[in-house]
Every structure is written in C-alpha cells, then in structure tokens.
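J.: Supplied in structure tokens, the structure appears directly below.
The values are calculated or read from the model by the stated rules, or taken from the named source; none is laboratory data. Predicted model, so just to flag it, every value in this text is computed and none were measured. When we count neighbours, we look across all protein chains shown, and the Cβ atoms used for this are built from the backbone with ideal geometry, even at glycine.
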Amino acid sequence: MGNHRRKVFIAALAGAAAMTCPWDGHAAAGAEWPTGPITMVVPFPAGGPTDMVARMLAHRLAGFLGQAVVVQNLAGASGIVGMRGVAAATADGYTILYNTSSLVLAPHLYLDPGFEAGRDFDAVTSTVAMPLVLLVRSDVPVTDLHAFVAYGRQMSGNLAYASAGGGNVTHLAAVLLLQALDVRAMHVPYRGSAPALAGLNGGQTHFMVNPVGDALPHIRAGRLRALAVTSRERVVALPDVPTIAEYGIPAFQVQAWQGVMVPRGTPAAVVQRLNTAILQALMLPDMQEQLAARGAHVLGSTPDEYARYIHQEYLRWGEVIREAAIRPD
C-alpha cells in the first residue's frame, strides 16, 4: 500500500476516534450503530464481478461491525433498480449500496433514472478499481489487437460483442475501443457479466470487454483468449497480456470502479464508522491477496474524497457519452 493510501486510512481512523467523544450526541448515535443486521444492496446479478467483491467485503465487514452484513442483489436496468431502491431507503445506515461506475453513467444515458449521485446519496468510500480485458472466443482466429482489427474489418459489421447491459461500463468501454480502432460491431446486451460471458463462450458473440476478475477462470481454462487490458499498466493477474496503450493508443484507459454509498441524510457518525470498518476490511492481507488475484486494485478513501471522485467521474463520462453519442440498447 502506498504512502498516500496509508495517510487516507490513518486519517479515516483518526476521524472515527474523534467522532466517538462521549459529549457529542451525534457521535453517541454512531457509537450505538449498528444494533441489527445491515443490508448491502448490489444492483447487479449474483456471480458477477461486482457481486464477488461485495460478498468478500460483506463477510469481513461483519467482523468489524459486530452485526451480519447481508448481500441483496437487486438487479435490473444496468443497476438502476437497485440504486433507486437504496436512494429511497431510510437513511439510518442499515441499507447501504455497493455501487459501481454505473452510478455516474445512468444519469447521462437515461432520461430519468430516479436518482442523482450528489442529491440522493452520501459517499462512504471507494473500494476497488477493476481493469477490463478484451476477450475473444478461443476459436476466433486472432491472437493480438492488430489481428483483431484486421479480423473485425474483414467481418464487415457482422462482428458481435457482448456486454453486461446497455450503458454498463462493459458496453461503453467496447464502444470507445471500437471507435479508436475504426471497427464496426453489433452490440448484444445481457443482464449481467456472468450471462454475457456464458453467451460469449456459447458462440452467441465474438468478443467482450469485461472486468478481469470473473474472466480469469475462462482465460485459464482456454475457453477465452485475452488480447489486451484497458489499464495504464499491465495487470498482475495477466502479466503476459499487453495494455491497449502498448498497441499505440496511449490515451485509452478505462476501468470499472466500485465503492459504498448510503442514502442521503445518514448520520455523519454512522458514515464515518462504516468508512473506518470498510477500510479496516480492505487492509486485511487475505482480502488484498484475493482482490489482487482477481485483478483488482484496492483503493479506499475518506467520504469527502470519494464524493469528489464521483463528481469528477460524472463530468468525465458525461462528456464521453455525449461526444460518442452512446445510447443504451
């Protein structure tokens, strides 16, 4: 863990200690919380990359909070169903959202998703970043990005790619990559990463841009071939797979990020206690090892840092979506 990240953890822990002073009424409320189980809403199907990390975190978080943290999958409409549900929940800390970058994508893609990140949620912390990987079926006759471009152009628009849903980061990353490569392909959206990978394996599509984590078993089994990763640097879990930048597109960098939010108005002391517990869980050696094995990078932040990051990502992706004229299929 870098020096900056250590400072973030230390600051968060110090903040939590400061907020438990006995003369502070709000702190007292935070000290009493939680007195019952907590529901962690994952707005995507079970078995996908978001769900896997959320369950790893929930299991360890329960030990630091002294209460069960139960994962509930509320999937639908690229995460909108679950995010809308948490936005409308009671702001008491007993319903929390395990969110992804879809939080800032949906408002740019849908006329009225039913929530706004800055209006309806309070930030708790970032958790991990997930690099993406360009995957093709093992029977597709390409072994690198140059061959992929030649193959795609040869297919003359008959190339098909899977995504975890229209407007999902797996969809947007593929659109941006196709534009950068000047290749045309047909989008086939699925309801989650797991069914999208199954469709790719089953021959329904030719390729997909997917988070590294849940793609690894398919790559290692030889069912899918990894051509390039979307991160700035190579991924530890796939050391022999080059970055897209190495193929001559230096500005291309896309990653899926995750974090935790709560309904707007959740007591500050509860937010701080939750932040501290999550950071403690992320610091556990076994947690870091398992995340690294799935290609994830541990983040962690203060609530204010995460709120600023979300706003920056909202502006960034809004510009990308407008310029690329991306629409959910």
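J.: State which residue pairs qualify: first residue in a loop (DSSP other than H, G, I, E, B) and inside the stretch 199-226, second residue among the aromatic types (Phe, Trp, Tyr) in any location, beta carbons under 8 Å apart, and separation of 6 or more residues or different chains.
T.: Pairs that qualify, where the first residue is in a loop (DSSP other than H, G, I, E, B) and the partner is among the aromatic types (Phe, Trp, Tyr), are Thr205/Tyr161; His206/Tyr161.
J.: Take the conditions part of a loop (DSSP other than H, G, I, E, B), more than 13 Å from the chain's Cα centre (by Cα) and not aromatic (Phe, Trp, Tyr) and apply them to Ala58. Does it pass?
T.: Numbers: part of a loop (DSSP other than H, G, I, E, B): no; more than 13 Å from the chain's Cα centre (by Cα): yes; not aromatic (Phe, Trp, Tyr): yes.
Here the answer is no, as Ala58 does not meet what is asked.
J.: Hey, can you tell me all the residues within the stretch 104-142 that are part of a loop (DSSP other than H, G, I, E, B) and either at pLDDT 95 or above or within 18 Å of Arg308 (Cα to Cα) (or both)? It would help to see each step written out before you state the result.
T.: If we filter the stretch 104-142 for residues that are part of a loop (DSSP other than H, G, I, E, B), which is where we start, we get 110-116, 138-142.
Passing the criteria: Phe115, Glu116, Ser138, Asp139, Val140, Pro141, Val142.
J.: Now a separate question. Which count do you get for residues in the stretch 70-93 that are of a type in the set (A, V, I, L, M) and assigned to a strand (DSSP E or B)?
T.: Of the residues in that region, 2 qualify.
J.: How many of the residues in the stretch 291-326 are part of a helix (DSSP H, G or I), among the β-branched types (Val, Ile, Thr) and modelled with pLDDT under 90? Outline the logic, then answer.
T.: Here is the first cut: in the stretch 291-326, the residues part of a helix (DSSP H, G or I) are 291-293, 303-324.
Now restrict to residues that are among the β-branched types (Val, Ile, Thr): 310, 320-321.
Imposing the further condition that a residue be modelled with pLDDT under 90 reduces the set to 320-321.
Residues flagged as part of a helix (DSSP H, G or I), among the β-branched types (Val, Ile, Thr) and modelled with pLDDT under 90 within the stretch 291-326 amount to 2.
J.: So Val86 clears everything in (1) closer than 30 Å to Ala228 by Cα; (2) crowded, with 21+ Cβ neighbours inside 10 Å; (3) among the aliphatic types (A, V, I, L, M) except one condition, right? Which one?
T.: With respect to (1) closer than 30 Å to Ala228 by Cα; (2) crowded, with 21+ Cβ neighbours inside 10 Å; (3) among the aliphatic types (A, V, I, L, M), Val86 is out only on (1).
J.: Would you say Gly213 is assigned by the TED database to the domain that holds Arg137 and buried (at least 21 other Cβ atoms within 10 Å of the Cβ)? So that I can check it myself, show each step before the final result.
T.: Details: assigned by the TED database to the domain that holds Arg137: yes; buried (at least 21 other Cβ atoms within 10 Å of the Cβ): yes.
So Gly213 fits the description; yes.
J.: A follow-up question, please. Would you pick out the residues in the stretch 263-289 that are in contact with a Lys or Arg (Cβ under 8 Å, 6 or more places away or on another chain) and in a helix (DSSP H, G or I)?
T.: Correct list: Ala281, Met287.
J.: In the stretch 176-190, which residues are among the small types (Gly, Ala, Ser) and in a strand (DSSP E or B)?
T.: Let us first name the residues in the stretch 176-190 that are among the small types (Gly, Ala, Ser), namely 180, 185.
Hits for the stretch 176-190: nothing passes.
J.: Which residue out of Ala237, Ala292, Ala324 is touching a residue at least 60 places away in the same chain (Cβ under 8 Å) and either farther than 28 Å from Met186 by Cβ or out of contact with any Lys or Arg (no Cβ under 9 Å at 6 or more places or on another chain) (or both)? Give the derivation first.
T.: Working: Ala237 fails: touching a residue at least 60 places away in the same chain (Cβ under 8 Å); Ala292 fails: touching a residue at least 60 places away in the same chain (Cβ under 8 Å).
The match here is Ala324.
J.: Continuing with the same structure: Quick one: in the stretch 146-175, which of the residues that are of a type in the set (A, V, I, L, M, F, W, C), crowded, with 20+ Cβ neighbours inside 10 Å and part of a helix (DSSP H, G or I) is nearest to the chain's Cα centre (by Cα)? Working first, answer last.
T.: Taking the stretch 146-175 first, the residues of a type in the set (A, V, I, L, M, F, W, C) are 147-150, 155, 159-160, 162, 164, 169, 172-175.
Remaining after also requiring crowded, with 20+ Cβ neighbours inside 10 Å: 148, 159, 162, 164, 169, 172-175.
From what is left, the residues that are part of a helix (DSSP H, G or I) are 148, 169, 172-175.
On the way: Phe148: 26, Val169: 8, Leu172: 13, Ala173: 13, Ala174: 16, Val175: 18 Å.
The selected residue is Val169.
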